[in-house]
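Below you'll find the structure, written out as structure tokens, and then a few comments.
All of the numbers you see were taken from the coordinates with simple rules; none came from a lab. Because the structure is predicted, anything quoted here is derived from the model rather than measured. No Cβ is skipped: glycine too gets one built from the backbone with ideal geometry, and neighbour counts run over all protein chains shown.
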Amino acid sequence: MPRLDRPSTNESGSGMRGKYNPNTIIPWNCVRMESESFAVLNMMLPMDNSPIIDVAQYHSHRSITDGKQQFRYVYCSTKNVYTDDDGRQRQITPGECDLCKSQDEDTKTTRPRFNLWAFCYAIYHANQNPRAGRYDDAEEWDQRRVGNRHYYQEKVMKPQILQAPQTVINIFRGYEERLGAEKFVSSNFDLAKRGIAPAVQYTGYESQVQLPSITDDIRGIVESLPDIEKVSAELITEWEFPQLMPDSGDAESGKAKDAFEAAGGEF
Ligand SMILES: [Zn+2]
């Protein structure tokens with residue numbers, strides 16, 4: 001299923017040959033939270049008919065790899081369709097979905113999940129970076145106190161893909177209703193995660209963290225973002241954005257915007 005700003009479509013599949021791709025969309029460009037951590041986010045645009053939110057049908061797929069239970073959400077190539085200008089239904093990505101043919105009802109069933117662009121200031125982790133000291137590019141995260149708890153702060157300062165169930169969308173829609181669209185987009189939120197997929201609970205609050213005033217800069221980069229529908233469908237899998245630098249003056253933030261546009265221009 002398509003971006004929210006597409007005219008509404010029905011679910012159905014047209015058969016095309018191919019294989020499902022078990023890879024989830026590139027994990028290092030996603031908001032990565034483990035249980036007991038939270039992300040500080042700005043939603044960039046109002047939620048209604050948003051061109052940066054995609055809703056798509058996913059299978060819940062369990063498998064055993066190296067004796068370990070694995071769980072992942074798999075994008076359904078067959079059911080994710082849109083209606084073209086001639087009223088025909090077209091798959092967003094080609095290929096017939098193997099999981100739709102599964103004998104197992106739980107595997108065969110799909111449920112909607114959302115992918116959306118959000119600006120991620122930082123992730124506050126319960127534990128130190130597990131990659132620090134093991135990989136050259138991995139940094140130690142700074143300790144930060146938020147409320148009465150200690151966290152390890154991973155600075156992100158980039159737009160990232162938030163992979164979310166309906167419950168997360170409901171949290172943000174609730175805030176949008178209460179605050180109004182204008183205040184909503186200039187507000188920042190803490191989204192906390194507890195549990196391991198598929199049993200994850202999310203809670204959201206207006207952010208408790210002191211943040212730089214960069215919501216205007218954030219809005220300036222929305223147009224440079226890769227098409228969220230293509231990202232969901234894994235038709236776009238790579239991009240590189242610079243970090244927004246909060247302490248810079250106007251000239252610098254102008255540079256950041258140019259850099260985002262340059263990155264966006266490649267898609
Ligand atoms: Zn399927």
Per-peptide average of other Cβ atoms within 10 Å, ordering 97-103, 84-90, 71-77 highest first:
71-77, 97-103, 84-90
Normalized C-alpha radius of gyration of segment 45-149, against 2.2 N^0.38 Å?
1.54
Ranked output for segments 209-215, 191-197 by mean other Cβ atoms within 10 Å, highest leading, reads 191-197, 209-215
Run the quick spin-label model on residue 186 and residue 223: label points 7 Å from Cα toward the beta carbon, then report their separation in nm to one decimal.
2.1
Please report the projected area of segment 107-233's Cα convex hull averaged over all directions, in nm².
10.3
Give the peptides 156-164, 122-130 in descending order of average Cβ contacts within 10 Å, highest first.
156-164, 122-130
Note, segment 90-106: 3J(HN,Hα) by Karplus (6.51, -1.76, 1.60, θ = phi - 60°), whole Hz, Gly/Pro = x, goes 10, 5, 6, 10, x, x, 8, 7, 5, 5, 5, 9, 4, 6, 7, 4, 5
